Structures are given as C-alpha cells and as structure tokens.
Amino acid sequence: MTPLKSPMARRLLAGVAALSALAACAETPAPTVTAAATPAAVTAASAQPPAVAAGARTPAAAASRSSAAPGGPACLQPAEKAAFDIRALQSQLLVAALACGQHDNYNAFVRKNQAELGTAFRNLGAYFRRTEGAQHQRQLDQYITELANSQSRISIDRGSFFCREQIPVFQAAMAANGASELAQVSVTQQVHQSLTAQACPAAPARPQRGGSPAGR
C-alpha cells in the first residue's frame, strides 16, 4: 500500500474533496468507492456546484456565537462534537481508500455504520444552521472540502508511512459500536480535524433547594 505520488497527488486532492462534497450535497454519508472510482472520475461526477440554502440568521445563531471566543467559531454541543469527530474519521478513511487501495475496508466501514454516519452528517448540518444561518449549506460544504483536502495533503506528506498508519485506524473503526465509540476512535487515533471550534463548557450545577444550612 503506497500513497499516490505527484502528479497523481494533485488528482487525489481533487478527487477526495469532490467525493466528499458530492456526499454533502446529497445529505448522505459518503458513497462507497471502487477501485475504478479514480480521482479524475470522481471529479467529473460531481461537477455540479452545491446549492446554498435560503433563510435568515436566527437569534439562536447569534447567541451561540456569543458563547465562543471573539472572532472564533461557535462552541460545539456534545452531539455536534461527536458528529465532527465521526466525520473526520470517515473522511480520513475515505482518503485511505483512494490513496492506499483500501476500498473494501472503507466500504465495509460505511455499511456497518450507515445509520451513525447519517446521523452525524445531519448533526453537522444542524450546527452550521445554528451558527451560520443563510450560509449554512455553503459553510458545511466548505468544511467537508477543506477537511478532505487537508487530510489528503497529510497523506502525501507522510508518504509510505501513511498507509501503514491507517491499518490500526481501520481496525479500531470496525471494532467500534455506536456513535460514541466511533467518536472516541477519532480522538484516540488522533484523526486530523480542520474545525477549530471547541466543546461548549459544561453548565454550572444548580444549587440544591430545600437543604438545611450547614452547621444546623
């Protein structure tokens, strides 16, 4: 298993991003891939630009942004954090499928986790609707494309090491059961994530009511 080299490296970057963007526009997990699904073929299949959904920025979106650092992205609710972790894992395995010939392993991963991948994708959409309002579809597509591109660049930079490093990632991903375990695999395997948002701080515990004052 050897990653694709230049000039094929540029085609890998375009192909992975296009396949991920195609899945984003369809609002489904990334499709299964075959050995024949070369980056060039994938690019041609997804030439149509993504649609931008209509709508206005809501007060909830503004409130969410106020909870983040000034000028930074809104913080992630627990379900959103898990969704971004799962998407990063799926995207990296897709890169490995195209760069390392791991089509069968990736397809098995998608089949086993179809429901979890679909839920994660919907939660990504919910995050961007909450934080970006009318621009949510464009921001979602941009995130997916940038994630795939950055992971592809890592695979090229790592050279022959990249494919060997993906073997335990595939094994851990296939052994995981449920969304929480998939998200944990992404964290423990240090899967690259292009989003800079952090988890929202936990709400402070409410004081118990009706208790007796201390010392009485």
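Rule-based calculations on the coordinates, nothing more; no lab input. Every value quoted in this text rests on a predicted model; they were computed, and no experiment measured them. FYI the Cβ positions are ideal-geometry reconstructions off the backbone, even for glycines, and counts take in every protein chain you see.
Brief remarks on what is shown
- Pairwise Cα inverse-distance average, inverted: Kirkwood Rh of the stretch 157-199 (Å): 11.6 Å
- Of the peptides 138-148, 110-120, the order by per-residue mean of other Cβ atoms within 10 Å, starting with the highest, comes out as 138-148, 110-120.
- Placing dummy labels 7 Å off each Cα toward the beta-carbon, the span from GLN142 to SER160 is 4.0 nm.
- Hydrodynamic radius of the stretch 91-159 per Kirkwood, over alpha carbon pairs, in Å: 13.4 Å
- Packing rank of 79-92, 123-136, where each peptide gets the mean count of other beta carbons within 10 Å, highest leading: 79-92, 123-136
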